[in-house]
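Structure, as structure tokens:
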């Protein structure tokens, strides 16, 4: 895949920059008034890692009690946490170094990043959708520019 066509989101960029700056590993940590993240120890370690990133997003980026906020705002926070999980578990600045056309890529990234294959598949689908969208936008922009030239 040619990553020059890929458009990074603001959240994706923020996560990558935060990683590069802090070089964090998955472990217990304290951030301000957030003192712990509780993970279900009976779950598979790959699922625990996914849960960690999800809850880590809430600790880093969200405020308020979800039980006391409007449903739409809670859903927004959950959607943000899901995207954060994808970006944090499989940061763009790291996966772009892999050959995504490799037939063994799902297993390789699952092992290297210690995530469930389903999470990687979701992330790859997201990258491919954004890549296609960027290519279509670029094509549309070029068509529009060509049209304007002849007006």
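Observations, loosely collected:
- Looking across region 95-115, just one residue is in contact (Cβ under 8 Å) with a residue 60 or more places away in the chain and not in a loop (DSSP other than H, G, I, E, B), and that is 110.
- Boolean, residue 87 is farther than 18 Å from residue 38 by Cα, in contact with a helix residue (DSSP H, G or I) (Cβ under 8 Å, 6 or more places away or on another chain) and not in a helix (DSSP H, G or I): no
- For region 23-54, a residue qualifies if it is modelled with pLDDT under 85, more than 16 Å from the chain's Cα centre (by Cα) and surrounded by 11 or more Cβ atoms within 10 Å (Cβ to Cβ), and the qualifying residues are 29, 34, 37, 39, 43.
- Some residue of region 58-75 being at pLDDT 75 or above, touching a helix residue (DSSP H, G or I) at 6+ places or on another chain (Cβ under 9 Å), at negative phi and not in a helix (DSSP H, G or I): yes
- Contact map, region 63-74: first residue surrounded by 10 or more Cβ atoms within 10 Å (Cβ to Cβ), second residue not in a helix (DSSP H, G or I), Cβ cut-off under 8 Å, separation 6 or more or different chains; pairs are 73/64.
- Search result, residues across region 1-22 that are outside any helix (DSSP H, G or I), surrounded by fewer than 14 Cβ atoms within 10 Å (Cβ to Cβ) and at pLDDT below 75: 2
The values are calculated or read from the model by the stated rules, or taken from the named source; none is laboratory data. All of these numbers come straight from a predicted model, not from anything done at the bench. All Cβ positions, glycine included, derive from the backbone under ideal geometry; neighbour counts span all protein chains shown.
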